[in-house]
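Please treat every number below as a calculation from the coordinates, not as lab data. Predicted model, so just to flag it, every value in this text is computed and none were measured. Counting neighbours? That spans all protein chains shown, and the Cβs are built from the backbone with ideal geometry, glycine included.
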Amino acid sequence: MAPPPDHRRPIKRAAISDQQRRREVALRLQADRRSDAQNRARQLASSVLSLGPEPATEPEVEPEQEMSEASGQLAGRSDFDPVRAARLRGPEVRKWFARQLMLPEWMVDVPPSLDRDWYVFPRPSGKRCFVVSSNGTTISRLRNGSILHRFPSNLPNGARAKDVSGPASSYSILDCIFHEPDETYYVIDMVCWRGYSLYDCTAEFRFFWLNSKLSETGASDPPSQYHRYRFNVVQIYECNLAGLQASYSGQVPYVKDGLLFFNKHAHYQAGNTPLALVWKDNVCSQYVLDTDSKGQIPSQQQVVLELQNDGNLTTSDDPPVALGSLSRDLIAQSGLRVGNLVRVAIKDERMRLVDGKLDLGELQLVGKTNHSRAFADTYSKVLFQHAARHAPLRIEDLVASIQSNSSMDNSQALDVEMEG
Amino acid sequence: MALEVTQVLLYAQSIDAATRNHAEESLKQIQEQNLPAFLLSLSAELANNNKPIESRKLAGLILKNALDAKELHRKNDLAQRWLSLDLATKTQIKTSLLQTFSSPVSDARSTAAQVIAKVAGIELPHNQWPELIGSLLSNIHQVETHVKQATLETLGYVCEEVDPQVVDQEQVNRILTAVVQGMNATETSSDVRLAATRALYNALGFAQANFTNDMERDYIMRVVCEATQSSDVKIRQAAFECLVAISSTYYEKLAPYMQDIFNITSKAVREDEEPVALQAIEFWSSICDEEIDILDDYRSEYTGDSDVPCFYFIKQALPALVPMLLETLLKQEEDQDQDEGAWNIAMAGGTCLGLVARTVGDEIVPLVMPFIEENISKPDWRGREAATYAFGSILDGPSPGKLAPIVNVALNFMLAALSRDPNNHVKDTTAWTLGRIFEFLHGAAVETSVITQENCQQILTVLLQSMKDVPNVAEKACGALYFLAQGYEDEGSVSPLTPFFQDIFQMLLFVTHREDATESNLRTSAYEALNEVVRCSNDETAPIVMQLIPVIMLELHQTVEAQKLTSDERDKQNDLQGLLCGCLQVIIQKMGSIEGSKYAFMQYADQIMDLLLKVFASRNATVHEEAMLAIGALAYTAGPNFAKYMPQFYQYLEMGLQNFEEYQICAITVGVVGDLCRALEDKILPYCDGIMTQLLKNLSSNQLHRSVKPPIFSCFGDIALAIGENFEKYLVYAMPMLQSAAELSAHAVSQDDEMLEYTNQLRNGILEAYSGILQGFKSSPKTQALVPYAAHVLQFIDTMYGGREMDDAVMKSALGVLGDLADTLGSHVGPLISQSSSSKDLIEECMVYDDPLIRESAEWAKLAINRAVSAFASIPCCVWSGLGSHHQPYQVLTSPSLNDPTNKQQGHLNANIVSAYASCWLSLINIRNKWSGSVISKWSLLIALRHLKVLLFWVVPCFFALFHIGSTGIVVVSLLFVYFV
C-alpha cells in the first residue's frame, strides 16, 4: 500500500496532534502574555493614576483631624508619582483623590482671546466627582475623596461582565457632575480611558476623545441591572458669540449652575487652575451668592478659610494667600486647631489693598465648617463673591470681550509693531 | 587532471564497513585537496561507458550533492562554490554530462539529467549556460529514442529546478512544444511518452501564457486527456498527475473540459488500477481544495471578492460524483486500520467525500443518507463499515441544524455498534465517527449540542468500555473522548464530566499501561485524551487532577532511572518521556490558572523541576522540547519564585539556545526565555549577559533556521521589558541588528505567500523588540540613549506602510511602537512623529478598523502621540504653571524633555507652540499675582501682547541657553524673570 500524497491528509487521521496543539497553545500564551506585559507597561508608567485594590470596607466619613492633615499635605499635590500612587491603600486613596480634580478659578476678569482659545458649556448643577471604573465596578468619589456611589456601569471594566478587550484591572476615570433630579452623571472631562492617561493631553483632545469613546461603550444608555446610572456628555461649544449664547440661554436637560470655560490648550491639571474658569449670574444659576450653613444667603459676605499656625486665615490657593487673622485668645476660646476650616463674615464690605495685599479688614468668626468640607475658599472665589455683591461681571461684558477680540485682531498686530 | 576514482567509488559501496569507511575517507580527502579535479573526474566517470554502472551512479550522486543541499544556507554555499570554479572546468564537466545522454545505460542518463538540472538551477538565474535549453531541444529531433527520452527527462528536471521567470517565453514555447509532442499518441516509444508526460508535470508552472491561449490550452488538454487512455499504466498515472496539477494551477481555465474530465476520472475510479484510480480521486479532492479556499475568501472578506471566481464544479457534479465516491468506500482492505500509513481507494474516496461535504454543505446529506440506510445493517461488514464511514465523513460541512436530527437518531445505534459489532473495522470507524460527532456537533460553538446531561453518561460508559478493546478501536475511543472533553473546555463548573473524572483518569492510566499500548498509537492517544480532560477541569475537579501529579511524576521518575536499554526500548522510553512531560505541562498550565489550586500545586514545584532537569539527560529532541515547554509553564506559574531554580536550569537553557540542528528546540527555548522574563522580571538580570550573547550569536548565524529569528527579536523586547534601563549595555549590539533586519524586511519584495508571511513575522518580531525596549526605558533617566534610534524606527514603519504588505499583527505592533516612541521619548520625538506619514494616515486608517485590537492599538498611538506633541508644544507652559501653582520647578526643569537642544530647531515647526506660549503667558500672569500678592489686574489683552513678544524673543533663547548652564541657574534666572515681568 502506497502512502497518501504529501499534502493529502486521510480523513481518519487527526488534523493536528496534541503535541502540536501544546506547542501552539504555548506560543499563543506567550504572545498573549507578551501583549499583556506590553499593555501593562503602556498603562502603568504613562499614567499617574495606578491604584491598588481597596479594602472592601472603608469608612465613608473620616474624622476631621485626618481630613485636615490631608489638606495639610497639599504640598505634594503635583507630585504625580505613579509608583507611589500604585501603593496607596484605603484612606490614602481617598486623600489622594481629594487632590486630583481640576478646580476652575472664578472668572473675575475676561481672559484674552476668549473666542479663539476657549470652550464654554453650561455647568450642570450637582455634585462634582471623579468616577473610576475598574475591576468590574464603578466608584464615584466626591471632591473630598469620599465615596458617593459604588455601582455597576457600562464604562470599561465598570461591571462584572466579560469585557471584550483589555485586562480587567485597567481603569477609566471621568470627571463628572452627578445631577440628582435625573440621577445622571454629566461627564465634563476625561482623565483616563482604558488605563491610558489623558492628563497630558490638551482639553481639545480630551473632549474629542470623550465624545468618541464614551458613546462606544453604551455608558449613555438608560439605566439597567448592570448599568445603574446613565452617563451623559455635556454639549461643549466654541466660545464665540453663538456658543456663548447657546450655553447661556439654551435649553439643557439639567439644571444649570453657571458656565464653565476651558482653555483648549490646557492639560488636565489637578488643583486650582486659571485655565478653567467658572462664571455665573442669576439667569444661568440659582446659586450666585454663597449660602451659609443653614442654606440662607447671609447679609454679609462669608468666607471659608483655613487656620494656620500663626493665626493667619488663608485661602486654598497654592501657595495659600492670607486674608486675615484670628487672635490667639479667640482661637483658644473657640477650640480651633491648626488646619481647621473656619467660616468668617466680612464685616466691612470694602476691600482694600494694603502694601499690595488684599485686606478683608476685620473678620467675624461664624464657626467651624461641617466635616465633609475639605478645602477653604480660593482667592478668586472670594473676589467673585465680592464682585457679585457689588459690581458683577455681566454677560454683556463677556459678549463685549468676544466682539472686541474679533475687531481688535488688527490693532493687536499694530500695537506689537509699535512696541518693536 | 582527471583522477582515477573508479576503485574508490566501488569500495565506497562495499559491504565491508571498514573498506567502506576508508573509501569514504579518501573521497573526502580528494575533494578537499583539489575540488575541480575531483568534480572533473566524477563527471568523466559518469560519462564513461566503459566503467561499471555502480561507480558511474555514485559519481553522479556525489556530483549532485556537491551542487545542492536541503538546508538553505548550505545550498547557497554550494551554489557560490560552483560559480567560483574556473570556466574551463565547468565547461568540461557540462560537456561530459551532456555526452552521457548517448549512453545506452538508462541509469547513467537519468543521473546525468538530474545533475544537469542542478547546474541549470545555479547557472540560469545568473544568465550563465544560455545555450543549455537550445542544445537540449536540438536533441529532440535525434532519432535515437534513448537520447530523446533522456532529453525530455532533463527538461522536466530543469523546469523543476529553475524559477519560471528565468526562462523567456520563446524558450518556454519551444520546451512545451517538444514536451507535448513527446506525449502525443503518435509517439511510438512509451519510454519517450512517459518521460514527456512527467516533464509536462514539471513544466506546467511555465505554461501560464500558453494556458491563456485557447488553442494552445485546448491542445495541451487534449494530449493530457489522451494520455490518460494510454495502454501503459505508468503513462496513465503520470497523465492523471498532470490533471491534478492543472486542477490547482489553472482551476479557472477548466470549465470547458470538466464534462470530459468527469467521464475520464469516473471510469478510472471504477475500473483502472489502484495507482491510477487514486490520482483520479485526487483530481476531485484537489478541485474541492480550490473551491473551499475560494468560498472561504468569499466569506471572510467583506468585499465578498476573491481573485478567482468559484465555478461550483463540485456542486454541478454532485449527483454523479457522490455515488462514484460512495462506491469506493466498499473497497476496503482487510488490514487498513492496523497500518498507519495505509492509503487505498476506500480511504481516498472517504477523504474526498469529506472534502465534498465541506465544499457544498447541506446538499450532500440527502445524497448520502440512502447509502447509509441501505448498508448500515448489512450482514457483510463492508457494508456496515462503509455506511458508518460515509456518515463520519460528511459531519464537517453541513449545518448542525441539518445534521443534528440525524445524529440524534444515529447516536444510540452508534453506541450499540461500538459495544457489540463483531467486526473491528466497523468498531474502529464507529468510534471515529463518534469523535467527529463530538468535534463538530458539540461544544460551546454549537448552538444546541447533541450531547445532553443524560446521554453523556451513557456515552462515557461505552467509550471507557471500548478502551479495553483491541488497540486500534481503543485508540479511536480515546480520540472520541478527547473531542467530547474539548466540548466542555469553556463549560466552567457545570460540566457533565465532573462526576466521572476519577473513572476517566483511572481508565486512561490503565490504557497507558496496556502491554499493547505502543500499537496503533494507543498510548499517545490515551495521554492526549488525559491532557484534554485536564484542560476542562474546574475548581471542583482540580483536587482530582492534583492527585494525578504524583502518579505522573512517578512514571517520569521511572523513565529517568531506567538503565541499559536496547535502542528499541530507548525509542519507546523517549516517546513516553515526551508524553509525560507534555502531560505535566498541561497540568501545570491548568492548575496555575485556577486560583484555588495554585498554592497546593506549588508544593510539587521543587520535585517537578528536579525531574524535568533530569529529563534533559535524554538526547531526544522531542523530549527536550516537551520538557522545555513544561518548564516555561512552570516558570509562569511560579513567578518570581522560579529564581531559585535558575542556577541549575541555566545550563540547559543555554544548551537549548545553542541547538541549531534541532531548531524547534531552539525556538521553544527562545519562547521560554520570554516566559522567564515575565516570571522573574528584574531577577533575570544576572543571566542576561549569557542569554543576550547567545541570542546575538544566533541572529548572526546563517546556519540557524530562519523561522527562529523573528521570535529572537521578540525576545529582545521581553528582556528589555523585564530589566528596563539595564538593557542599556546591550543597545549597542541589539540596535544595529534590529536596524539592519528592519532595513531588509521593510524593503523585502515577497514573491510568494510563504515569503510574505515570513517577512511579516520578522517585522512583527522587530517591532515587538522596539516596543519592549522603549517601554522598558520609560521613566528612566537613560531614555536619552534611545533618542538617536527614533528616526530609523519611524522610517521603518513609514516604509512598511508605504509598501502596503503589512498583515494585521504587524499593523497592530507598528501602531504600538508609534505610541511607545511617543510615550517614552515624549517631546524628543514629537516633531519627528508629526512628520512621519504613518503616524497620521496609518493611525487614522486603523481607528476605524473592524478588528478591535487594531483599533485599540491605534487609539493608544493616537493618544500617546497627542500627549507627546502637546507636551512638546507646551514645555514652557508646564514650566511656568509648575512655578505658578506647584512646588517643584526644579524637578520640572530638570526633566529630560527639556535638556535636548534640538527642541530649538524643531520648535518653529510646530504651530501649536504659539498657543502654548499664550497659555504660558496666562500662567505667568497668575504667577505674578501670586508672588506679589497684589489684586489680580485685568486680563488685559494689550499687556498680554506686549509680553508675548518679549517672551518669544527673550524666553525661548533664554531657555535653551539655560539648559547648558544647569538647573540651579534656571531657578535663579526664572525668579529674575518673574520679577522682570
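Hey, got the dipole for the range B:705-882? About the Cα centre, +1 on K and R Cβ, -1 on D and E Cβ, debye to the nearest 20?
760
Tell me the mean residue ellipticity at 222 nm calculated for chain B from its helices only (DSSP H runs of n ≥ 4, each -39500 (n - 2.57), averaged over every residue, nearest 500).
So the helix-based figure for chain B works out to -23500 deg cm²/dmol.
Do you know the relative contact order of chain B, to the nearest whole percent, from alpha carbon pairs under 8 angstrom that are 6+ apart?
With pairs under 8 Å counted, the relative contact order is 4 percent.
Taking beta carbons within 10 Å but only from partner chains, what does the mean come to for residues B:819-828?
If you average over the peptide's residues, the count of other-chain Cβ atoms is 2.
Picking from B:N213, B:V143, B:Q229, whose Cα lies most toward the positive end of the charge dipole for the range B:131-249 (charges on Cβ: Lys, Arg +1; Asp, Glu -1)?
The listed residue farthest towards the positive side: B:Q229.
What is the range B:339-468's relative contact order, in percent, from Cα pairs under 8 angstrom and six or more apart in sequence?
After rounding, I find 23 percent.
Report the local net charge at B:A37: Lys and Arg +1, Asp and Glu -1, summed over other residues whose C-beta lies under 12 Å from its C-beta.
Result for the neighbourhood of B:A37: -3.
Rounding to the nearest 20 debye, state how big the charge dipole of the range B:668-707 is about its Cα centre with +1 on each Lys and Arg Cβ and -1 on each Asp and Glu Cβ.
Magnitude of the dipole: close to 180 debye.
Could you pull out every residue, at least 5 positions away or on a different chain, whose amide H is within less than 5 Å of the one on A:G324? Hs are placed 1.01 Å off N in the peptide plane, and Pro or chain starts have none.
Close amide H contacts, sequence-distant or interchain: A:L313.
I'd like to know which of B:T759, B:N702, B:L786 lies farthest towards the positive end of the charge dipole of the range B:686-803, counting +1 on Cβ of Lys and Arg and -1 on Cβ of Asp and Glu.
B:L786
Starting with the fewest neighbours, write out A:H7, B:H624 ranked by other beta-carbon atoms found within 10 Å of each beta-carbon.
In order of increasing Cβ crowding within 10 Å: A:H7, B:H624.
Mind scanning B:K644/B:K683; A:K127/A:K368; A:K294/A:K368; B:K614/B:K697 and naming the pairs with a C-alpha gap bigger than 19 Å?
Listed pairs above 19 Å: A:K127/A:K368; B:K614/B:K697.
Apply the Karplus parameterisation 6.51 cos²θ - 1.76 cosθ + 1.60, with θ equal to phi minus 60°, to every residue of the range B:642-649 and state each ³J(HN,Hα) to the nearest whole Hz, in sequence, with x for glycine and proline.
Whole-Hz 3J(HN,Hα) from phi for the range B:642-649: 5, 3, 5, 8, 4, x, 7, 6.
Putting +1 on Lys and Arg Cβ atoms and -1 on Asp and Glu Cβ atoms, find which of B:Q795, B:A746, B:M811 reaches farthest to the positive end of the dipole of the range B:705-882.
Going by the Cα projections, it comes out as B:Q795.
Using 1/(1 + (r/R0)^6) with R0 = 56 angstrom and r between the beta carbons of B:V494 and B:V233, what's the FRET efficiency to the nearest 0.05?
Working from the Cβ atoms, E equals 0.40.
Arrange the following residues from fewest to most other Cβ atoms within 10 Å of their Cβ: B:M591, B:M806.
By the 10 Å Cβ count, ascending: B:M806, B:M591.
If the reach is capped at under 30 angstrom between alpha carbons, list the lysines near B:K267, excluding any in the same chain fewer than eight residues apart.
Within the straight-line limit of under 30 Å, B:K267 reaches these lysines: A:K12, B:K234, B:K253, B:K315, B:K331, B:K378.
Around B:N375, what is the net charge, scoring Lys/Arg as +1 and Asp/Glu as -1 over all other residues with Cβ under 13 Å from its Cβ?
After counting each charged neighbour, the total is -2.
Based on Cβ point charges of +1 for Lys and Arg and -1 for Asp and Glu, what charge dipole magnitude is obtained for chain B about its Cα centre, in debye rounded to the nearest 20?
Around 3900 debye, computed over chain B.
Which order do B:W343, B:W432 fall in if you start with the one that has the fewest other Cβ atoms within 10 Å?
With the fewest neighbours first, B:W343, B:W432 line up as B:W343, B:W432.
First select every other residue whose beta carbon is under 12 angstrom from the beta carbon of B:S618; then total the charges, Lys and Arg +1, Asp and Glu -1.
Taking every Cβ under 12 Å from that of B:S618, the sum is -1.
Excluding same-chain pairs closer than 8 in sequence, count the lysine pairs in the range B:705-882 whose Cα atoms lie under 19 Å apart.
Lysine pair count for the range B:705-882: 6.
Remind me, relative contact order of the range B:542-623 in percent, using alpha carbon pairs under 8 angstrom and six or more residues apart?
Contact order relative to length: 43 percent.
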